[in-house]
Amino acid sequence: LSDRLTQTFSALRTKGKLSPADVDKTVREIRRALLDADVALTVVKDFTATVRERALGDEVSRALNPAQQVVQIVNEELVTILGGQQRRLEFAKNPPTVIMLAGLQGAGKTTLAGKLAKWLKAQGHTPLLVAADLQRPNAVTQLQVVGEQAGAAVFAPEPGNGVGDPVRVAKDAIVHARSRQHDVVIVDTAGRLGVDAELMKQAAGIRTAVDPDEVLFVIDAMIGQDAVSTALAFQEGVDFTGVVLSKLDGDARGGAALSVASVTGRPIMFASTGEGLDDFEPFHPDRMASRILDLGDILSLIEQAQKAFDEEESRAVAEKFATDSFTLEDFLAQMQQLKKMGSIKGMLGMLPGARGMREQLDNFDESELTRTEAIIQSMTLAERRMPKLLNGSRRLRIARGSGTTVTEVNALVNRFEQAAKMMKTVAKGGMPNIPGMQQM
Ligand code: GDP
Ligand code: MG
């Protein structure tokens, strides 16, 4: 998908300031990426309008690295639409808590019933599964199999007891649950291949009869552009308190998640990621945001661009070392490179996958970098180029000017001299490290 988007972000990477044209170009690519991820057009329009407004605002023009700032804005806005903080199930004050599942046929409701039961059991609950899908001949058996796998009891109409009325079954199940001390009742319902009036009427009837604490709308992540109309039909016909996104193990980009959350305003609560009962987890808006935009890829591209840029600089620096012309000014430039890493650190904090990298970055002490920078900036150009000029009174002046102490100024100058000496040796044999990196 987002090759073009990554290119756009990479191109922004080297810009100090974003022009409105840069922003427009980026927003166009974000729009394209979202449409590719099957996010509904109306949702994309609203979303890009918000991003554009923020990207043109102060926070970006003042940012150290505008491209990263824009990526961050896009990520933040995605997470907001996807529900910000994930929401937990609401449990009834007077058990049993009733959870009703609704959705099209094949969405993954029956499978979810088993997953929820297993998950709740692991937390000490005593769930009862209710077979209120009496539409398909084998639906009851399917739920019984799933219940057995989950180790949960299943309430079903007696075999041969006529066609059965799902509303009646659901009502009986609640009574049964109360008498058997089940604290959670999960009501599986019938779906149709498409949205139809009869399906909605039946689901609404079950809802009225059992007065559920949660109605979970289950939707197949692969549904694509139909997500919006399906979700709206269920919201109008049955209404639901939360959304479960199923089949996220497929290659669906998750655009449906954004569409459904955005048009219904209901939180996505769980993600189903396979046919097995353990392939299930509470929904994480931040992970989904990364998936939709392929943010992981974008970040690594920005980093690669950054690395290429750094290597160029390092080569130039290596030459200076070799020829003994490395100055405190170059040292300052290196510091500023390091500081840019700091803003990457902040952004990585939002991504669950980047833990290893975050630990490395945690070794950078930004405040120390800032003080070092302040010291060098308080020096005159001549002093930066010829540190030998730095006598006692100059050092005192610099300490005052930078809000540090003479001891700190001395330490910096020593470190610089050592680094320059060491690097001179290393430079003859190969690529240097960035001086000060170990100490920082
Ligand atoms: P229902 O009609 O809504 O009850 O849907 P089912 O629970 O019967 O699921 C329909 C099909 O999708 C079954 O073959 C399930 O095994 C499969 N399925 C359900 N959830 C997932 C999922 O998260 N990932 C994958 N790959 N398959 C799933
Ligand atoms: Mg089913």
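The values are calculated or read from the model by the stated rules, or taken from the named source; none is laboratory data. The shown structure was predicted, so the numbers you read here are calculated from the model rather than taken from an experiment. Methodologically, a virtual Cβ is constructed for each residue, glycine included, from the backbone with ideal geometry; neighbour enumeration extends over all protein chains shown.
List of remarks:
- Count - residues of region 280-294 that are surrounded by 23 or more Cβ atoms within 10 Å (Cβ to Cβ) and more than 16 Å from ligand 1 (Cβ to nearest atom): 4
- Hits in region 91-133 (condition: touching a Leu at 6+ places or on another chain (Cβ under 7 Å) and within 17 Å of residue 282 (Cβ to Cβ)): 99, 101, 112, 113, 114, 115, 117, 118, 127
- When restricted to residues that are of a type in the set (Gly, Ala, Ser) and closer than 18 Å to residue 156 by Cα, region 98-123 contains 4.
- For region 89-105, the candidate set comprises residues that are touching a residue at least 60 places away in the same chain (Cβ under 8 Å), more than 16 Å from ligand 2 (Cβ to nearest atom) and surrounded by fewer than 24 Cβ atoms within 10 Å (Cβ to Cβ); within that set, the residue that is nearest to residue 272 (Cα to Cα) is 89.
- Among (1) modelled with pLDDT of 80 or more; (2) β-branched (Val, Ile, Thr); (3) surrounded by 21 or more Cβ atoms within 10 Å (Cβ to Cβ) - the single one residue 42 does not satisfy: (3)
- Filter result (in contact with a strand residue (DSSP E or B) (Cβ under 7 Å, 6 or more places away or on another chain) and within 16 Å of ligand 2 (Cβ to nearest atom)) within region 196-214: 203, 206
- Wholly enclosed helices (runs of 4 or more DSSP H) of region 340-424 bearing at least 3 residues at pLDDT 90 or above: 392-402
- Test: residue in region 106-121 that is in contact (Cβ under 8 Å) with a residue 12 or more places away in the chain, more than 16 Å from ligand 2 (Cβ to nearest atom) and of a type in the set (A, V, I, L, M): yes
- Within region 99-110, the set of residues being of a type outside the set (Gly, Ala, Ser) and either within 8 Å of ligand 1 (Cβ to nearest atom) or touching a Ser or Thr at 6+ places or on another chain (Cβ under 6 Å) (or both) comprises 101, 104, 105, 109, 110.
- Residue within region 145-163 that is within 29 Å of residue 273 (Cβ to Cβ) and within 12 Å of ligand 2 (Cβ to nearest atom) present: yes
- Of the residues in region 85-98, at least one is more than 16 Å from ligand 1 (Cβ to nearest atom) and farther than 15 Å from residue 213 by Cα.
- When each of 226, 249 is tested for being in the same structural domain as residue 198 (by TED's automatic domain parsing), touching a residue at least 24 places away in the same chain (Cβ under 8 Å) and among the acidic types (Asp, Glu), the lone residue that passes is 249.
- For region 169-195, the tally of residues that are of a type in the set (D, E, K, R), within 16 Å of ligand 2 (Cβ to nearest atom) and farther than 23 Å from residue 123 by Cβ stands at 1.
- Here 122, 153, 113 are screened, and the one residue that is in the same structural domain as residue 201 (by TED's automatic domain parsing), crowded, with 21+ Cβ neighbours inside 10 Å and not basic (Lys, Arg) is 113.
- Selection from region 258-273 of residues that are within 13 Å of ligand 1 (Cβ to nearest atom) and closer than 16 Å to residue 223 by Cα: 271, 272, 273
- In this entry, residue 60 is excluded by the filter for residues that are of a type in the set (A, V, I, L, M) and either at pLDDT 85 or above or out of contact with any helix residue (DSSP H, G or I) (no Cβ under 8 Å at 6 or more places or on another chain) (or both).
Residue-by-condition table, conditions (1) within 16 Å of ligand 2 (Cβ to nearest atom); (2) buried (at least 21 other Cβ atoms within 10 Å of the Cβ); (3) modelled with pLDDT under 90; (4) in a helix (DSSP H, G or I):
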position	(1), (2), (3), (4)
231	no, yes, no, yes
236	no, no, no, yes
249	no, no, yes, no
260	no, yes, no, yes
263	no, no, no, yes
278	no, no, no, no
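- Residue in region 55-66 that is among the β-branched types (Val, Ile, Thr), crowded, with 23+ Cβ neighbours inside 10 Å, outside the structural domain of residue 216 (by TED's automatic domain parsing) and in contact with a Leu (Cβ under 8 Å, 6 or more places away or on another chain) present: no
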